[in-house]
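The values are calculated or read from the model by the stated rules, or taken from the named source; none is laboratory data. Quick caveat: nothing in here was measured; it's all calculated off a predicted structure. A quick note on method: Cβ atoms are made from the backbone with ideal geometry, for glycine too, and the neighbour counts reach across all protein chains shown. These accessible areas exclude ligands, DNA and RNA; they are computed on the full protein's heavy atoms, side chains included. Shrake-Rupley method; radii C 1.70, N 1.55, O 1.52, S 1.80 Å.
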Amino acid sequence: MAVAAAAARVWGSSRGLGQAGLLLLRRPWARGLARSHPQRQEQQHFPSLDDKPQFPGASAEFIDKLEFIQPNVISGIPVYRVMDRQGQIINPSEDPHLPQEKVLKFYKSMTLLNTMDRILYESQRQGRISFYMTNYGEEGTHVGSAAALDNTDLVFGQYREAGVLMYRDYPLELFMAQCYGNVSDPGKGRQMPVHYGCKDRHFVTISSPLATQIPQAVGAAYAAKRANANRVVICYFGEGAASEGDAHAGFNFAATLECPIIFFCRNNGYAISTPTSEQYRGDGIAARGPGYGIMSIRVDGNDVFAVYNATKEARRRAVAENQPFLIEAMTYRIGHHSTSDDSSAYRSVDEVNYWDKQDHPISRLRHYLQSRGWWDDEQEKAWRKQSRKKVMEAFEQAERKPKPNPNLLFSDVYQEMPTQLRKQQEALARHLQTYGEHYPLDHFEK
(Lines give C-alpha, C1' and ligand atoms only; values in the text may rest on other atoms or scores of the structure.)
Protein backbone atom coordinates (compact mmCIF):
# COMPACT_ATOMS: atom_id res chain seq x y z
CA MET A 1 0.00 0.00 0.00
CA ALA A 2 2.87 2.36 0.75
CA VAL A 3 4.25 1.79 -2.76
CA ALA A 4 0.84 2.40 -4.32
CA ALA A 5 0.45 5.61 -2.35
CA ALA A 6 3.89 6.78 -3.44
CA ALA A 7 3.07 5.99 -7.06
CA ALA A 8 -0.21 7.90 -6.79
CA ARG A 9 1.64 10.97 -5.54
CA VAL A 10 4.06 10.79 -8.46
CA TRP A 11 1.49 10.12 -11.19
CA GLY A 12 -1.27 12.40 -9.87
CA SER A 13 -2.33 15.33 -12.01
CA SER A 14 -2.05 18.01 -9.33
CA ARG A 15 0.75 20.52 -9.60
CA GLY A 16 2.44 23.00 -7.29
CA LEU A 17 3.33 22.33 -3.67
CA GLY A 18 0.88 19.48 -3.11
CA GLN A 19 -0.81 18.56 0.17
CA ALA A 20 2.41 18.06 2.11
CA GLY A 21 3.68 21.45 0.99
CA LEU A 22 0.42 23.17 1.91
CA LEU A 23 0.46 21.58 5.36
CA LEU A 24 4.02 22.73 5.77
CA LEU A 25 3.19 26.33 4.91
CA ARG A 26 0.29 26.32 7.38
CA ARG A 27 2.72 25.77 10.27
CA PRO A 28 3.76 28.95 12.14
CA TRP A 29 7.46 28.16 11.91
CA ALA A 30 7.22 27.61 8.14
CA ARG A 31 5.41 30.89 7.61
CA GLY A 32 8.14 32.54 9.63
CA LEU A 33 10.73 31.14 7.26
CA ALA A 34 8.80 32.42 4.26
CA ARG A 35 8.74 35.95 5.74
CA SER A 36 12.29 35.91 7.05
CA HIS A 37 14.73 38.68 6.17
CA PRO A 38 18.46 37.99 5.63
CA GLN A 39 19.35 40.33 8.50
CA ARG A 40 16.40 39.54 10.82
CA GLN A 41 15.52 35.91 11.46
CA GLU A 42 12.38 35.18 13.48
CA GLN A 43 12.68 32.57 16.21
CA GLN A 44 11.92 29.14 14.73
CA HIS A 45 9.84 26.50 16.52
CA PHE A 46 10.89 23.11 15.21
CA PRO A 47 8.41 20.21 15.29
CA SER A 48 8.80 17.24 17.59
CA LEU A 49 10.66 14.11 16.52
CA ASP A 50 7.34 12.29 16.08
CA ASP A 51 6.29 14.55 13.18
CA LYS A 52 6.75 13.71 9.51
CA PRO A 53 10.14 14.40 7.90
CA GLN A 54 10.59 18.07 7.04
CA PHE A 55 13.56 17.63 4.68
CA PRO A 56 13.11 19.89 1.63
CA GLY A 57 14.48 17.30 -0.81
CA ALA A 58 11.77 14.63 -0.67
CA SER A 59 8.26 13.80 0.49
CA ALA A 60 8.37 10.66 2.63
CA GLU A 61 7.64 8.93 5.92
CA PHE A 62 10.04 7.87 8.67
CA ILE A 63 10.64 4.13 9.15
CA ASP A 64 12.52 2.32 11.88
CA LYS A 65 13.72 -0.68 9.87
CA LEU A 66 16.80 -0.77 7.63
CA GLU A 67 15.53 -1.61 4.16
CA PHE A 68 16.87 -0.86 0.67
CA ILE A 69 14.38 -0.27 -2.12
CA GLN A 70 14.39 -3.10 -4.62
CA PRO A 71 14.52 -2.29 -8.37
CA ASN A 72 11.30 -4.27 -8.88
CA VAL A 73 9.38 -2.57 -6.06
CA ILE A 74 6.77 -1.67 -8.68
CA SER A 75 5.85 -4.31 -11.25
CA GLY A 76 6.39 -3.53 -14.93
CA ILE A 77 4.65 -0.43 -16.25
CA PRO A 78 1.75 -1.64 -18.44
CA VAL A 79 1.62 -1.05 -22.20
CA TYR A 80 -1.39 0.98 -23.31
CA ARG A 81 -3.03 -0.13 -26.54
CA VAL A 82 -6.28 0.48 -28.41
CA MET A 83 -6.16 -2.16 -31.17
CA ASP A 84 -5.18 -5.80 -30.98
CA ARG A 85 -2.91 -7.33 -33.63
CA GLN A 86 -5.91 -8.05 -35.87
CA GLY A 87 -6.91 -4.38 -35.91
CA GLN A 88 -9.89 -4.80 -33.60
CA ILE A 89 -10.70 -2.09 -31.04
CA ILE A 90 -10.30 -3.63 -27.57
CA ASN A 91 -12.10 -1.05 -25.45
CA PRO A 92 -14.70 1.02 -27.37
CA SER A 93 -14.27 3.93 -24.96
CA GLU A 94 -10.65 4.29 -26.14
CA ASP A 95 -11.53 4.37 -29.85
CA PRO A 96 -10.47 7.83 -31.10
CA HIS A 97 -13.35 7.73 -33.63
CA LEU A 98 -11.28 9.33 -36.36
CA PRO A 99 -12.91 10.01 -39.72
CA GLN A 100 -12.17 7.76 -42.67
CA GLU A 101 -10.19 10.47 -44.47
CA LYS A 102 -7.80 10.91 -41.56
CA VAL A 103 -7.24 7.18 -40.99
CA LEU A 104 -6.52 6.78 -44.70
CA LYS A 105 -3.93 9.54 -44.43
CA PHE A 106 -2.34 7.57 -41.58
CA TYR A 107 -2.16 4.48 -43.77
CA LYS A 108 -0.93 6.23 -46.91
CA SER A 109 1.75 8.14 -45.01
CA MET A 110 3.02 4.94 -43.39
CA THR A 111 3.07 2.94 -46.63
CA LEU A 112 4.55 5.79 -48.67
CA LEU A 113 7.37 6.04 -46.13
CA ASN A 114 7.88 2.28 -46.41
CA THR A 115 8.09 2.51 -50.19
CA MET A 116 10.54 5.42 -50.07
CA ASP A 117 12.68 3.48 -47.59
CA ARG A 118 12.93 0.47 -49.88
CA ILE A 119 13.95 2.52 -52.91
CA LEU A 120 16.50 4.68 -51.10
CA TYR A 121 17.96 1.69 -49.25
CA GLU A 122 18.54 -0.06 -52.58
CA SER A 123 19.97 3.12 -54.09
CA GLN A 124 22.61 3.20 -51.36
CA ARG A 125 23.42 -0.45 -51.97
CA GLN A 126 23.94 0.46 -55.63
CA GLY A 127 26.31 3.30 -54.71
CA ARG A 128 23.95 6.07 -55.77
CA ILE A 129 23.83 7.72 -52.33
CA SER A 130 26.34 7.42 -49.49
CA PHE A 131 24.16 6.40 -46.54
CA TYR A 132 20.61 5.63 -45.49
CA MET A 133 18.51 4.64 -42.47
CA THR A 134 15.17 2.88 -42.89
CA ASN A 135 12.11 3.23 -40.65
CA TYR A 136 10.77 -0.32 -41.07
CA GLY A 137 8.49 -1.30 -38.20
CA GLU A 138 8.39 2.13 -36.56
CA GLU A 139 6.01 3.89 -38.94
CA GLY A 140 3.20 3.85 -36.37
CA THR A 141 5.23 5.85 -33.84
CA HIS A 142 5.90 8.57 -36.40
CA VAL A 143 2.46 8.99 -37.89
CA GLY A 144 0.42 8.44 -34.73
CA SER A 145 2.36 11.12 -32.85
CA ALA A 146 2.57 13.57 -35.75
CA ALA A 147 -1.20 13.41 -36.30
CA ALA A 148 -1.86 14.33 -32.67
CA LEU A 149 0.17 17.54 -32.85
CA ASP A 150 -0.67 20.97 -34.18
CA ASN A 151 1.18 21.80 -37.37
CA THR A 152 2.99 24.65 -35.61
CA ASP A 153 4.31 22.44 -32.78
CA LEU A 154 8.09 22.27 -32.91
CA VAL A 155 9.71 18.91 -33.65
CA PHE A 156 13.21 17.84 -32.60
CA GLY A 157 13.99 14.49 -34.20
CA GLN A 158 16.83 12.05 -33.72
CA TYR A 159 17.34 10.44 -37.14
CA ARG A 160 14.52 7.94 -37.60
CA GLU A 161 11.47 10.21 -37.71
CA ALA A 162 11.01 10.77 -41.44
CA GLY A 163 7.37 9.77 -41.05
CA VAL A 164 6.67 12.91 -39.02
CA LEU A 165 7.75 15.05 -41.97
CA MET A 166 5.90 12.72 -44.34
CA TYR A 167 2.67 13.27 -42.39
CA ARG A 168 3.24 17.03 -42.53
CA ASP A 169 3.28 16.74 -46.34
CA TYR A 170 6.99 17.31 -46.84
CA PRO A 171 7.52 16.79 -50.60
CA LEU A 172 9.12 13.59 -51.82
CA GLU A 173 11.34 15.74 -54.02
CA LEU A 174 12.92 17.34 -50.95
CA PHE A 175 13.43 14.00 -49.20
CA MET A 176 15.31 12.86 -52.30
CA ALA A 177 17.18 16.13 -52.72
CA GLN A 178 18.50 15.89 -49.16
CA CYS A 179 19.66 12.29 -49.57
CA TYR A 180 21.36 13.12 -52.87
CA GLY A 181 22.70 16.45 -51.62
CA ASN A 182 21.78 18.18 -54.87
CA VAL A 183 21.01 21.83 -55.69
CA SER A 184 17.44 21.48 -54.44
CA ASP A 185 18.54 20.37 -50.98
CA PRO A 186 17.62 23.10 -48.45
CA GLY A 187 20.81 22.17 -46.56
CA LYS A 188 22.87 22.73 -49.73
CA GLY A 189 24.44 19.28 -49.58
CA ARG A 190 26.24 19.86 -46.30
CA GLN A 191 24.50 17.16 -44.25
CA MET A 192 24.78 13.41 -44.62
CA PRO A 193 21.62 11.68 -45.91
CA VAL A 194 18.44 11.41 -43.74
CA HIS A 195 19.37 14.55 -41.76
CA TYR A 196 16.24 16.40 -42.79
CA GLY A 197 15.03 19.79 -41.62
CA CYS A 198 12.24 22.17 -42.61
CA LYS A 199 11.59 25.57 -41.07
CA ASP A 200 8.18 25.90 -42.76
CA ARG A 201 7.02 22.63 -41.18
CA HIS A 202 8.62 23.40 -37.80
CA PHE A 203 11.01 20.45 -37.99
CA VAL A 204 14.45 21.28 -36.58
CA THR A 205 17.32 19.97 -38.71
CA ILE A 206 18.58 16.61 -37.47
CA SER A 207 22.02 16.47 -35.92
CA SER A 208 24.15 13.31 -35.81
CA PRO A 209 25.51 13.46 -32.24
CA LEU A 210 23.26 11.34 -30.05
CA ALA A 211 20.79 13.03 -27.65
CA THR A 212 22.00 16.60 -28.19
CA GLN A 213 18.48 17.48 -29.31
CA ILE A 214 17.01 16.69 -25.87
CA PRO A 215 18.28 19.71 -23.87
CA GLN A 216 17.88 21.87 -26.97
CA ALA A 217 14.21 20.90 -27.18
CA VAL A 218 13.74 21.75 -23.50
CA GLY A 219 15.18 25.21 -24.12
CA ALA A 220 12.76 25.72 -27.00
CA ALA A 221 9.85 24.57 -24.81
CA TYR A 222 10.88 26.96 -22.04
CA ALA A 223 10.95 29.80 -24.57
CA ALA A 224 7.46 28.82 -25.78
CA LYS A 225 6.23 28.86 -22.20
CA ARG A 226 7.64 32.33 -21.52
CA ALA A 227 6.08 33.61 -24.75
CA ASN A 228 2.66 32.09 -23.91
CA ALA A 229 2.78 30.60 -27.38
CA ASN A 230 0.13 27.88 -26.82
CA ARG A 231 2.62 25.54 -28.42
CA VAL A 232 4.27 22.29 -27.47
CA VAL A 233 7.69 20.91 -28.35
CA ILE A 234 8.08 17.20 -29.06
CA CYS A 235 11.48 15.57 -28.82
CA TYR A 236 12.12 12.12 -30.28
CA PHE A 237 14.93 9.79 -29.22
CA GLY A 238 15.66 6.11 -28.82
CA GLU A 239 16.20 4.05 -25.69
CA GLY A 240 19.94 4.09 -26.41
CA ALA A 241 20.02 7.89 -26.46
CA ALA A 242 18.28 7.86 -23.08
CA SER A 243 21.57 6.55 -21.64
CA GLU A 244 23.31 9.78 -22.59
CA GLY A 245 23.89 12.49 -19.99
CA ASP A 246 21.96 14.95 -22.16
CA ALA A 247 18.80 12.94 -21.46
CA HIS A 248 19.20 13.38 -17.70
CA ALA A 249 19.87 17.10 -18.11
CA GLY A 250 16.86 17.51 -20.39
CA PHE A 251 14.46 15.60 -18.15
CA ASN A 252 15.52 17.47 -15.04
CA PHE A 253 15.39 20.92 -16.63
CA ALA A 254 11.99 20.21 -18.18
CA ALA A 255 10.54 19.11 -14.85
CA THR A 256 12.00 21.89 -12.69
CA LEU A 257 11.26 24.63 -15.23
CA GLU A 258 7.81 23.15 -15.96
CA CYS A 259 8.16 23.16 -19.74
CA PRO A 260 5.45 22.18 -22.26
CA ILE A 261 7.37 19.35 -23.89
CA ILE A 262 6.68 15.76 -24.89
CA PHE A 263 9.64 13.42 -24.62
CA PHE A 264 8.89 10.66 -27.11
CA CYS A 265 11.11 7.60 -26.73
CA ARG A 266 11.05 4.99 -29.48
CA ASN A 267 12.12 1.86 -27.64
CA ASN A 268 12.82 -0.38 -30.62
CA GLY A 269 14.88 -3.03 -28.85
CA TYR A 270 18.34 -2.13 -30.11
CA ALA A 271 20.77 0.79 -29.92
CA ILE A 272 22.62 -0.16 -33.11
CA SER A 273 23.75 -3.63 -31.92
CA THR A 274 23.23 -3.16 -28.17
CA PRO A 275 20.03 -4.90 -27.00
CA THR A 276 17.94 -3.42 -24.21
CA SER A 277 19.10 -6.21 -21.89
CA GLU A 278 22.57 -4.64 -22.03
CA GLN A 279 21.36 -1.03 -22.21
CA TYR A 280 19.63 -0.78 -18.82
CA ARG A 281 18.60 -2.82 -15.80
CA GLY A 282 15.43 -0.94 -14.85
CA ASP A 283 11.95 -1.17 -16.33
CA GLY A 284 12.63 0.65 -19.59
CA ILE A 285 12.49 4.41 -20.05
CA ALA A 286 8.98 5.26 -18.82
CA ALA A 287 9.97 4.09 -15.33
CA ARG A 288 12.48 6.94 -15.15
CA GLY A 289 9.86 9.65 -15.55
CA PRO A 290 8.43 9.58 -12.01
CA GLY A 291 11.92 9.99 -10.57
CA TYR A 292 12.16 13.33 -12.35
CA GLY A 293 8.58 14.29 -11.51
CA ILE A 294 7.46 13.76 -15.11
CA MET A 295 4.06 12.34 -16.09
CA SER A 296 4.81 9.15 -18.02
CA ILE A 297 3.11 6.44 -20.04
CA ARG A 298 4.13 3.36 -21.99
CA VAL A 299 2.26 2.62 -25.22
CA ASP A 300 2.19 -0.02 -27.93
CA GLY A 301 4.16 1.74 -30.66
CA ASN A 302 2.80 -0.65 -33.28
CA ASP A 303 -0.72 0.58 -32.52
CA VAL A 304 -1.08 3.91 -34.30
CA PHE A 305 -4.26 4.77 -32.36
CA ALA A 306 -2.61 4.17 -28.98
CA VAL A 307 0.24 6.47 -30.02
CA TYR A 308 -2.25 9.05 -31.28
CA ASN A 309 -4.36 9.03 -28.10
CA ALA A 310 -1.37 9.26 -25.78
CA THR A 311 0.31 12.06 -27.72
CA LYS A 312 -2.91 14.04 -28.11
CA GLU A 313 -3.66 13.94 -24.38
CA ALA A 314 -0.04 14.70 -23.50
CA ARG A 315 -0.10 17.68 -25.83
CA ARG A 316 -3.34 19.01 -24.38
CA ARG A 317 -2.10 18.82 -20.83
CA ALA A 318 1.44 19.99 -21.56
CA VAL A 319 0.09 23.25 -22.98
CA ALA A 320 -2.70 23.71 -20.41
CA GLU A 321 -0.61 22.85 -17.35
CA ASN A 322 2.94 23.76 -18.46
CA GLN A 323 4.46 20.44 -17.59
CA PRO A 324 6.52 17.80 -19.43
CA PHE A 325 5.32 14.34 -20.46
CA LEU A 326 7.27 11.20 -21.28
CA ILE A 327 5.89 8.67 -23.76
CA GLU A 328 7.72 5.39 -24.24
CA ALA A 329 6.54 3.74 -27.45
CA MET A 330 7.39 0.03 -27.48
CA THR A 331 8.19 -1.04 -31.02
CA TYR A 332 10.77 -2.98 -33.02
CA ARG A 333 13.42 -1.95 -35.53
CA ILE A 334 12.87 -4.41 -38.36
CA GLY A 335 15.60 -3.01 -40.60
CA HIS A 336 19.31 -2.73 -39.97
CA HIS A 337 20.37 0.25 -37.87
CA SER A 338 21.67 1.85 -41.07
CA THR A 339 23.36 0.86 -44.30
CA SER A 340 26.59 0.69 -42.26
CA ASP A 341 25.15 -2.12 -40.11
CA ASP A 342 24.50 -5.84 -40.60
CA SER A 343 22.02 -6.81 -37.88
CA SER A 344 22.28 -10.52 -38.73
CA ALA A 345 25.46 -10.47 -36.64
CA TYR A 346 23.52 -9.91 -33.42
CA ARG A 347 19.92 -11.10 -33.91
CA SER A 348 18.20 -13.99 -35.63
CA VAL A 349 16.20 -14.00 -38.84
CA ASP A 350 13.31 -15.63 -36.97
CA GLU A 351 13.19 -12.72 -34.51
CA VAL A 352 12.99 -10.17 -37.29
CA ASN A 353 10.43 -12.19 -39.24
CA TYR A 354 8.12 -12.38 -36.23
CA TRP A 355 7.82 -8.59 -36.00
CA ASP A 356 7.67 -8.14 -39.76
CA LYS A 357 4.95 -10.76 -40.31
CA GLN A 358 3.05 -10.96 -37.01
CA ASP A 359 3.11 -7.52 -35.39
CA HIS A 360 3.70 -4.81 -37.96
CA PRO A 361 2.01 -1.39 -37.50
CA ILE A 362 1.07 -1.16 -41.18
CA SER A 363 -0.56 -4.61 -41.19
CA ARG A 364 -2.50 -3.81 -38.03
CA LEU A 365 -3.90 -0.59 -39.46
CA ARG A 366 -4.74 -2.30 -42.73
CA HIS A 367 -6.78 -4.91 -40.82
CA TYR A 368 -8.64 -2.07 -39.12
CA LEU A 369 -9.39 -0.35 -42.45
CA GLN A 370 -10.59 -3.55 -44.08
CA SER A 371 -12.83 -4.43 -41.15
CA ARG A 372 -14.52 -1.03 -41.56
CA GLY A 373 -14.94 -1.48 -45.31
CA TRP A 374 -12.64 1.51 -45.94
CA TRP A 375 -9.99 -0.44 -47.86
CA ASP A 376 -9.75 -3.55 -50.00
CA ASP A 377 -7.22 -5.56 -51.97
CA GLU A 378 -7.84 -3.67 -55.22
CA GLN A 379 -7.26 -0.33 -53.52
CA GLU A 380 -4.13 -1.75 -51.92
CA LYS A 381 -2.75 -2.89 -55.24
CA ALA A 382 -3.52 0.44 -56.94
CA TRP A 383 -2.04 2.50 -54.09
CA ARG A 384 1.16 0.46 -53.96
CA LYS A 385 1.62 1.00 -57.69
CA GLN A 386 0.81 4.70 -57.45
CA SER A 387 3.07 5.32 -54.43
CA ARG A 388 6.00 3.54 -56.05
CA LYS A 389 5.55 5.63 -59.18
CA LYS A 390 5.55 8.85 -57.13
CA VAL A 391 8.72 7.88 -55.30
CA MET A 392 10.50 6.79 -58.48
CA GLU A 393 9.65 10.04 -60.25
CA ALA A 394 11.11 12.06 -57.36
CA PHE A 395 14.10 9.71 -57.22
CA GLU A 396 14.91 10.07 -60.92
CA GLN A 397 14.50 13.83 -60.77
CA ALA A 398 16.88 14.10 -57.82
CA GLU A 399 19.48 11.93 -59.49
CA ARG A 400 19.58 14.16 -62.58
CA LYS A 401 20.17 17.39 -60.68
CA PRO A 402 23.72 18.68 -60.14
CA LYS A 403 25.43 19.09 -56.78
CA PRO A 404 25.54 22.56 -55.16
CA ASN A 405 28.31 24.98 -56.14
CA PRO A 406 31.49 24.22 -54.10
CA ASN A 407 31.62 27.88 -52.98
CA LEU A 408 28.57 27.19 -50.80
CA LEU A 409 30.96 25.40 -48.45
CA PHE A 410 31.85 28.82 -47.08
CA SER A 411 28.43 30.48 -46.85
CA ASP A 412 25.65 30.65 -44.25
CA VAL A 413 27.91 30.64 -41.20
CA TYR A 414 28.97 34.24 -40.71
CA GLN A 415 27.14 37.42 -41.65
CA GLU A 416 30.50 38.78 -42.79
CA MET A 417 33.04 36.19 -43.90
CA PRO A 418 36.16 36.34 -41.67
CA THR A 419 39.58 36.81 -43.24
CA GLN A 420 40.76 33.26 -42.52
CA LEU A 421 37.71 31.72 -44.20
CA ARG A 422 38.07 34.02 -47.20
CA LYS A 423 41.68 32.85 -47.61
CA GLN A 424 40.50 29.24 -47.60
CA GLN A 425 37.91 30.03 -50.26
CA GLU A 426 40.53 31.70 -52.44
CA ALA A 427 42.90 28.75 -51.94
CA LEU A 428 40.18 26.33 -53.08
CA ALA A 429 39.52 28.44 -56.18
CA ARG A 430 43.24 28.42 -57.10
CA HIS A 431 43.47 24.68 -56.50
CA LEU A 432 40.47 23.93 -58.74
CA GLN A 433 41.74 26.25 -61.43
CA THR A 434 45.05 24.35 -61.50
CA TYR A 435 43.84 20.79 -60.93
CA GLY A 436 40.18 21.00 -61.92
CA GLU A 437 40.47 18.19 -64.46
CA HIS A 438 40.98 15.74 -61.61
CA TYR A 439 37.60 16.53 -60.07
CA PRO A 440 34.06 15.80 -61.41
CA LEU A 441 33.24 19.52 -61.56
CA ASP A 442 30.70 18.92 -64.32
CA HIS A 443 28.51 17.28 -61.64
CA PHE A 444 28.34 20.55 -59.70
CA GLU A 445 26.34 23.68 -60.33
CA LYS A 446 28.42 26.35 -62.04
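Under 15 Å from the 7 Å Cα→Cβ point of Glu122, by amide nitrogen: which residues of segment 371-387?
Answer for this model: 384-387.
Provide the net charge surrounding Tyr80, with neighbours chosen by a C-beta distance below 11 Å and charges set as Lys +1, Arg +1, Asp -1, Glu -1.
Combined, the nearby Lys, Arg, Asp and Glu give -3.
Roughly speaking, what is the stretch gain from Leu257 to Glu321, that is 0.36 nm per residue apart minus the C-alpha to C-alpha distance, in nm to one decimal?
21.8 nm is the gain from fully extending Leu257 to Glu321.
Would you mind checking which residues have amide H under 5 Å from Phe444's amide H? H placed 1.01 Å from N; only 5 or more apart, or other chain.
Here Lys403 satisfy the definition.
Search the structure for amide H atoms under 5 Å from the amide H of Tyr270, placed 1.01 Å from N in the peptide plane, and list their residues when 5 or more places away or on another chain.
The list, which skips near neighbours in sequence, is Arg333.
Divide by every residue of the chain the summed helix terms, -39500 (n - 2.57) for each DSSP H run of at least 4, and state the resulting mean residue ellipticity at 222 nm, rounded to the nearest 500 deg cm²/dmol.
-13500 deg cm²/dmol
Given Cα pairs under 8 Å that are at least 6 residues apart, what percent is the relative contact order of segment 221-348?
Here the relative contact order equals 30 percent.
Roughly speaking, to the nearest percent, how much of the chain's 1.4 Å accessible area is carbon and sulfur?
About 52 percent, which is the carbon plus sulfur part of the accessible surface.
Over all distinct Cα pairs, what is the inverse of the mean 1/r for the chain, reported as the Kirkwood hydrodynamic radius in Å?
24.7 Å
So what's the net charge close to Gln213: Lys and Arg +1, Asp and Glu -1, counting the other residues with Cβ under 11 Å from its Cβ?
Net charge around Gln213: -3.
Output the antiparallel fraction of DSSP beta bridges having both residues in the chain, as a percent to the nearest 5.
15 percent
Go through segment 88-102 residue by residue and turn each phi into a ³J(HN,Hα) via Karplus (6.51, -1.76, 1.60, θ = phi - 60°); whole Hz please, and just put x for glycine and proline.
Once θ is set to phi - 60°, the couplings for segment 88-102 become 9, 5, 7, 10, x, 5, 9, 5, x, 6, 7, x, 4, 4, 6 Hz.
Explain nothing, just compute: Karplus ³J(HN,Hα) = 6.51 cos²θ - 1.76 cosθ + 1.60, θ = phi - 60°, for every residue of segment 332-338 in order, whole Hz, x for Gly and Pro.
8, 7, 6, x, 5, 4, 7
Leu409 versus Asp84, label points 7 Å from Cα toward the beta carbon: distance in nm?
The two pseudo-label positions are separated by 6.1 nm.
At a 10 angstrom cut-off on C-beta neighbours, averaged per residue, how do the peptides 367-375, 111-119 rank from highest to lowest?
For the peptides 367-375, 111-119, the packing ranking is 111-119, 367-375.
Could you work out how far apart the two model spin labels at Arg347 and Ala60 are, taking each label as a point 7 Å from the Cα in the direction of the beta carbon, and quote it in nm?
With each label point 7 Å from Cα toward Cβ, the separation is 3.8 nm.
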